[in-house]
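Inspection log for the structure reproduced underneath, given as structure tokens.
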Amino acid sequence: MNSKKDSFNPVSVWLAADFATARSRAMLAAALEHVKVNSRAMRVALIFTDWNIPNRILDAAIYSISHSHQALMGFLQKYLLYIEQHPELLERPEELVGNVFAFVPEDYQAAFNERYNQAAASDSNTARLNLAFSGRVLQLSAASDIAVV
């Protein structure tokens, strides 16, 4: 592609938030809808401002289902819809994990489970990096703060 008209540069959007909050999940749902329409021109990354169970579920899904864009998008959309329909599960996070595991495509279940268990460890590098980046670089002071980069 030599012509500027034929080339494009994808836009990367980072969403920094605690996706256990309704406001953050709405932002993620809007971003996913936008990616669905503009999948060749947009990428979305998540930065977690808290390392709670709903965020660890998202991390495990992104990490383990990353080889299939359609499977990952399907999981994320089902996950967000499920929490919207059952917000009381945010008060019972261990039950949430068991229920959303059914949304993970069969080919990715072992990898999802392994990543989720790694993320649950108190010394998780992913947790430390996300929390440090959101606090030090983005200067988000509370888990309820959100940022779009």
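Values in this text are rule-based calculations from the coordinates and carry no lab data. Since the model is a prediction, treat every value here as computed from it, not as a measurement. A quick note on method: Cβ atoms are made from the backbone with ideal geometry, for glycine too, and the neighbour counts reach across all protein chains shown.
Structure notes:
- Each of the trypsin sites (Lys or Arg not before Pro) that DSSP puts in a loop and that has at most 16 other Cβ atoms within 10 Å breaks the chain; the longest unbroken stretch is 41-149.
- Rg/Rh, computed from the Cα trace of the range 53-120 with Rh as the Kirkwood radius, has the value 0.93.
- Just so you know, the Rg over Rh for the chain is 0.99, from Cα atoms, with Rh as the Kirkwood radius.
- Rounded FRET efficiency, nearest 0.05, which uses the C-beta distance separating His86 from Asp107 and R0 of 41 Å: 0.95
- Leu129 paired with Ser66, simple spin-label distance in nm, labels 7 Å along Cα-to-beta-carbon: 0.8
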